[in-house]
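These notes concern the structure reproduced below.
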Amino acid sequence: MLFIVLLEAPRLVVAQMRKELLVFLVLWSLASFLAVAQFMGMELPNPTDLINNIFAAK
């Protein structure tokens, strides 16, 4: 995952795409956290359950 940042971040900085860089880093940080949490054996919530709870007819 570090390879992705080393490849993409400099391009965004040189192109002065600050908003895109911010979004990229936020999403990358979230993905990194989830990858480490899963590797450590943490119980992660199922995203489908969240979607079903939001949109399920009651």
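Where a number appears in this text, it was derived from the coordinates with a stated rule and is not lab data. What you see is a predicted model, and the numbers here were worked out from it, not measured in a lab. A quick note on method: Cβ atoms are made from the backbone with ideal geometry, for glycine too, and the neighbour counts reach across all protein chains shown.
Quick look at the values:
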item: Descending Cα extents along the principal axes, the chain, whole Å; result: 50, 30, 11
item: Ordering of 18-30, 45-57 by packing [mean C-beta count within 10 Å, highest first]; result: 18-30, 45-57
